[in-house]
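Asker: Below is one structure. I have some questions about it.
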Amino acid sequence: MVSIGAANGRTGRAAAFARHARVLDSNPRRGHVYGWYEVRLRIEPMRLAIVCALAIAFAAAGTNAASAEILVTVDKSAQRMTITRDGQPLYSWPVSTGRSGYATPSGSYAAFRMEADHYSVEWDDAPMPHSIFFTKIGHAIHGSYDTKNLGKPASHGCVRISPDNATTLFALVEREGVTKTKVVLTGSEQVALARRGDTLPNRDKVYGSRPPRSFDPNTEYPQQDYAQPRYGNPAYGYGRPQYVEPQYRQPIYRYPPGYSAD
């Protein structure tokens, strides 16, 4: 049982603390008398400010991590693809873009659809594993089993990469978000084709060690005679058939011996 004196003592101290707090709040100059309370009043706003600053910093870091942009750049002249994330290079792979008559479009596009197991409806159900579509008319980045043609234009308009590289790119885009993936295509397939045709090893492979002989328009070349052949009338030995007309004569009848016509 608490004595009346102890209770009165606690009540008195509480009342004194309240008076001191009011005095400090109304007259900060007297705060040095109650230094511990003044320090506490100063620490609380500082702690709140630090917590808010840390929260803002963590939120900004989370926002930057969540908005990581994937940039896929395809150089059609070099037949090469480079991939960066927030400006940091990640991969560089050979590709096959559209061959003659099936050019891959140039420009900047936003990826919008992904299919891990896709088949081409237009080209006889050709497999297009790990497709990432970037045009509304069906152009996509996808894996191709025709790996021997990577590094030169060979597709019907899509951007081909090896199946392993397609798997890697698909996983990266799926993790970061397909709508945060940008596809930029530059250059020209004609430059790649011309570069491959003008190389010296290819010329030697076609013409041997000597370059092809130039054509001189002033030189006379023998012309082949394309006159219409003449054919004589063949004699097959078939003459008009001769038929012998049969001779019809009155038959002679003789009477038998001993017969009289009378």
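Asker: Quick test of your reading of the structure: Thr147 fulfils all but one of (1) under 12 Å from Pro105 (Cβ atoms); (2) out of contact with any strand residue (DSSP E or B) (no Cβ under 7 Å at 6 or more places or on another chain). Name the failing condition by number.
Answerer: The number of the failed condition is (1).
Asker: State whether the residues of the range 131-141 include one that is of a type in the set (Phe, Trp, Tyr), loosely packed, with under 12 Cβ neighbours inside 10 Å, in the same structural domain as Val184 (by TED's automatic domain parsing) and not in a strand (DSSP E or B).
Answerer: No, the conditions are met nowhere in the range 131-141.
Asker: Out of the residues in the range 78-94 that are among the small types (Gly, Ala, Ser) and surrounded by fewer than 16 Cβ atoms within 10 Å (Cβ to Cβ), which is modelled with the highest pLDDT?
Answerer: Ser92
Asker: Here are some residues: Ala140, Ala171, Ala116. Which one is within 17 Å of Asp75 (Cα to Cα), of a type in the set (Gly, Ala, Ser) and at pLDDT 95 or above?
Answerer: Ala140
Asker: Turning to a different aspect of this structure: Being assigned to a strand (DSSP E or B), over 16 Å from Val184 (Cβ atoms), of a type outside the set (Ser, Thr, Tyr) and within 11 Å of the chain's Cα centre (by Cα): is that true of Met81 here?
Answerer: Here the answer is no, as Met81 does not meet what is asked.
Asker: Out of Tyr91, Tyr109, I need the residue that is under 14 Å from the mean Cα position of the chain (by Cα), in the same structural domain as Gly187 (by TED's automatic domain parsing), assigned to a strand (DSSP E or B) and among the aromatic types (Phe, Trp, Tyr). Which one?
Answerer: Every option except Tyr109 fails the conditions.
The values are calculated or read from the model by the stated rules, or taken from the named source; none is laboratory data. Predicted model, so just to flag it, every value in this text is computed and none were measured. For neighbour counting, all protein chains shown are included, and Cβ atoms are generated from backbone atoms with ideal geometry for every residue, glycine included.
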